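> Structure in structure tokens, see below.
The values are calculated or read from the model by the stated rules, or taken from the named source; none is laboratory data. Since we're looking at a predicted model, the values are computed, not measured. Because the Cβ atoms are built from the backbone with ideal geometry, glycine has one as well, and the counts that use them run over all protein chains shown. Protein only, heavy atoms only, side chains kept; ligands, DNA and RNA dropped before computing areas. Shrake-Rupley method; radii C 1.70, N 1.55, O 1.52, S 1.80 Å.
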Amino acid sequence: MPTVKVRVKLYGTLGERLTPVERADGVEVEIPERPTVGDLLIRLGISPAGGTVVIVDGRVLAADDEVRPGVLVSLFQAIGGG
Amino acid sequence: MRFIRVNMNDRSIRVEEGGEAYAGLGGRGLTSILVNAEVPAKCDPLGPENKLVFAPGFLTGTSLPNTGRLSVGAKSPLTGGIKESNAGGTIATALARLGITAIIVEGQAPAGELSLLRIDQDGQASLVPAAEYRGLRTYTLVERMLEAYGEKTSVFCIGPAGEHKLAVASIQSSDVDGRPCRAAGRGGLGAVMGAKGLKALVVDQRGKSTDGIADPGAFKEAVKAVVALVQQDHMSAEVMPKLGTAALVGAVNSLGAFPSYNARKGVLEGWEKISGEAMAELIQARGGKTTHMGCNQCAIHCSNEFVDAEGKYVTSSLEYETIWAMGGMTGVADLDTIARLDHLCDDIGVDTMSTGVAVAVAMDAGYRSFGDGPAILEMVEEIGRGTAFGRILGSGPAAVGKHFNHDRVPVVKGQSIAAYDPRGMLGHGITYATSPMGADHTAGNLVGAYLEHKLDPLSPEGQIPTSRFLQITMAAFDCMGQCFMASVAMLSPEGAEAFRKVIEAKSGKTLEPDDFPQGMGIRILKAERDFNRRAGFTRQDDRLPRFFYEEPLPPHNKVFSFTDEEIDGTFDF
């Protein structure tokens, strides 16, 4: 099956299990072609219902949005303010 | 309901029953409705007609966690309108457990007279001459207070900025470790306290009574349900204890809405160095505390203790808004500098937000370069010393703009915006424009709706109703003494229902679904808007500065696009 690669940066407590270098530079993830945000989260072992925020190019993506190859994906946790 | 009225003219103190008009109120509801009823709207905020009101929340002092907030109300010298600012720490619980519903400070001490308001273990209030504490910074003052009155003492005090009656002066609250690092920062209420001739409230923590609970059994059950909801909320349960509010630095920069270099850009260069993640890593490596309890009755522990390279305490708690104002707006991507500035602001008693923005306006006008940390430390020191320039800076961003004849001043009603640019998060512009408090970060904060993908921050759709809903809801929760973090976990209909049961069990009165938060929130906003109208505010004051409409904000290159008519439709009551 054809795959695509995206670089993912994990913020908040999502990146706790990563090394400092992986947290700083992100990790490369290979997933089947035309992945959605939901597919990416499943691939990363993150529950899509867990308030995870997926940001690409300054915009929040929805669970069924496609993740384009080669983009930098930033994952955060939703917070109500501070 | 027990009110303590302190008249600074003749040093008289009177205890009275609160009366039916204030039944069921605490916190912001009590301060705003009382200020609207008793303070002449056109009075000089620093004159004898203004009143300074301190009120724990309706639920403060009970077994409901996260209810340790004290509201302070008055006419603001910064905005010229009504103001409520609230602080955590230990003071609210101390007052509530002495059965005190409100303290109302009236009149004005003769020039040069300075006092402490001491409240002892029996709840008896007295004014104590405080000439020997004149000019003291807050950390030294609190040490002296704890030596004089014992460790079981809460202190709520002003620093030199408050004594100088500067419009960015805060009132600092001692935390559970006895450090004055929590603040009622916004609106210059420290200046009102200084103008009254009051240096500090010094309150015994050993009180055991509260206003009483009508149905203790039902209260216990209702509290359990609210606690469960807060524990289920991953923000309160997971993110806040580990990263604190600073977790927002990454998300808001990634969305291009972090006002940087005096709101010239939406992303700070090097924001990764001042993110919540970077801060947690640094604090851990140095042996500080990433999880810390700052306020009494807290179950969330969003606070931290920032330490220097030698592991020595610098400040607590380094928060998102301070990191933004002192780092983003000034172009300083260095946590050590920001932490030192945070400590300095707490010590001299100024709001980190208004102060950081005032510095940023001066930098934007060419007074110093963005990114020059040592220059900022020197500028803020000048506020503490009360130099001529320090007094201009301490009068807030609008005063600095006037001084330099510079028109890029990000304020509404004289109060600076918060860490969300209204061109990158449109709904925040609605809240900034319409909140009776002036631009504000807790009055109606939409960032959660953006991050949860309920609203597109760059599309006008849904922004006004969401701002309206949040402003009403938060006004109601601000009556209860509950902190912002826990209130955010209560925004759903289930949260509101669970919370109503707590209020019902305490008051013994049945609430309809419309009564709380909607009914209570609207009642408070109406009182606040009524005061502002009588103080001379018009619709023209519900506007953002021109540059937000004209200058596109990179990276999205959008401007704030709502019309005046749309803004004026925000409150339909």
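> Calculate the FRET efficiency for residue A:46 and residue B:550 from the Cβ-Cβ distance with a Förster distance of 41 Å, rounded to the nearest 0.05. All intermediate terms of the calculation are to be shown ahead of the outcome.
Working: r = 41 Å, r/R0 = 1.00.
The value I calculate is 0.50.
> Follow-up question, since we're still on this one. Mind grabbing the interface size between B and A? I mean buried accessible area, both sides, 1.4 Å probe, in Å² to the nearest hundred.
2300 Å²
> Can you give me the distance in nm between label points at residue B:120 and residue B:215, each placed 7 Å from the Cα along the Cα-to-Cβ direction?
Those two pseudo-labels are separated by 4.0 nm.
> Loop-only trypsin sites (Lys or Arg not before Pro) in segment B:107-188, please: DSSP not H, G, I, E or B, and at most 11 other Cβ atoms within 10 Å.
The qualifying sites are B:134.
> Using +1 at the C-beta of Lys and Arg and -1 at the C-beta of Asp and Glu, which of B:445, B:26, B:426 has the Cα lying farthest in the positive direction of the dipole of chain B?
After comparing all options, I get B:26.
> Okay, moving on. Can you compute the label reach from residue B:269? Point 7 Å from Cα along the Cβ direction, backbone N cut-off under 20 Å, restricted to segment B:546-565.
B:552-557
> Can you give the FRET efficiency to the nearest 0.05 for residue B:113 and residue B:286, using r as the Cβ-Cβ distance and R₀ = 45 Å?
The computed FRET efficiency comes out at 0.55.
> Which parts of segment B:433-473 would a label at residue A:65 reach, counting a residue when its backbone N lies under 18 Å from a point 7 Å out along Cα-to-Cβ?
Zone members listed by number: B:447-463.
> Looking at segment A:55-82, which residues lose a minimum of 50 Å² of accessible area between their chain alone and all protein chains in place, measuring with a 1.4 Å probe and not counting ligands or nucleic acids?
Going by heavy-atom accessible area, the residues of segment A:55-82 that drop by at least 50 Å² are A:58, A:59, A:60, A:76, A:78, A:79, A:80, A:81, A:82.
> Placing +1 at every Lys and Arg Cβ and -1 at every Asp and Glu Cβ, with all other atoms neutral, what dipole size does the protein assembly as shown have around its Cα centre, in debye to the nearest 20?
With Lys and Arg at +1 and Asp and Glu at -1, about 1080 debye.
> Of A:12, A:40, A:26, whose Cα points farthest to the positive end of the dipole of segment A:9-59 (charges on the beta-carbon: +1 Lys, Arg; -1 Asp, Glu; origin at the Cα centre)?
A:12
> Work out from phi, with θ = phi - 60° and the Karplus expression 6.51 cos²θ - 1.76 cosθ + 1.60, the ³J(HN,Hα) of each residue of segment B:106-119, listed in order in whole Hz, and give x for Gly and Pro.
Those phi angles translate into 10, x, 7, 5, x, 3, x, 8, 10, 9, 9, 9, 9, 10 Hz.
> Could you let me know the centre-to-centre spacing of segment A:24-68 and segment B:375-423, using Cα atoms, in angstrom?
About 41 Å separates the Cα centre of segment A:24-68 from the one of segment B:375-423.
> List the GluC sites (Glu not before Pro) within segment A:6-42 that fall in a DSSP loop (any state other than H, G, I, E or B) and whose Cβ has at most 11 other Cβ atoms within 10 Å.
A:16, A:33
> Given points 7 Å out from each Cα along the Cα-Cβ axis, report the residue B:44 to residue A:7 separation in nanometres with one decimal.
The answer from the label model is 6.1 nm.
> I need to check one value: relative contact order of chain B, counting alpha carbon pairs closer than 8 Å and at least 6 residues apart, in percent.
Numbers: 1440 pairs, mean separation 93.4, N = 573.
16 percent.
> If I model a spin label at residue B:310 and residue B:140 as a point 7 Å from the Cα along the Cα→Cβ vector, what separation in nanometres do I get?
Each label point lies 7 Å from its Cα, and together they span 2.0 nm.
> What is the dipole size for segment B:13-122, taken about its Cα centre, with +1 at each Lys and Arg Cβ and -1 at each Asp and Glu Cβ, in debye to the nearest 20?
On the way: 9 positive and 11 negative charges, 77 e Å.
In debye, rounded to 20, segment B:13-122 gives about 380.
> Measure off, as a whole percent, the carbon and sulfur share of the 1.4 Å-probe accessible area of segment B:81-178, all protein chains present.
Of the solvent-accessible surface of segment B:81-178, carbon and sulfur hold 43 percent.
> Choose one of B:481, B:232, B:82: the residue whose Cα lies farthest towards the positive end of the charge dipole of chain B (beta-carbon charges +1 Lys, Arg; -1 Asp, Glu; about the Cα centre).
Checked the options; the winner is B:82.
> Using R₀ = 56 Å, calculate the FRET efficiency as 1/(1 + (r/R₀)^6) where r is the Cβ-Cβ separation of residue B:147 and residue B:565; round to 0.05. Before the final figure, lay out each step's value.
Numbers: r = 59 Å, r/R0 = 1.05.
Plugging the Cβ-Cβ distance into 1/(1 + (r/R0)^6) gives 0.40.
> Size of the dipole of segment B:354-420 about the Cα centre, Lys and Arg at +1 and Asp and Glu at -1 on the beta carbon, nothing else charged, in debye to 20?
Dipole of segment B:354-420, to the nearest 20 debye: 240 debye.
> Restrict the search to segment B:275-314; then list the trypsin sites (Lys or Arg not before Pro) that DSSP places in a loop and that have at most 15 other Cβ atoms within 10 Å of their Cβ.
In loop regions of segment B:275-314 (DSSP not H, G, I, E or B), the sparsely surrounded trypsin sites (Lys or Arg not before Pro) are B:312.
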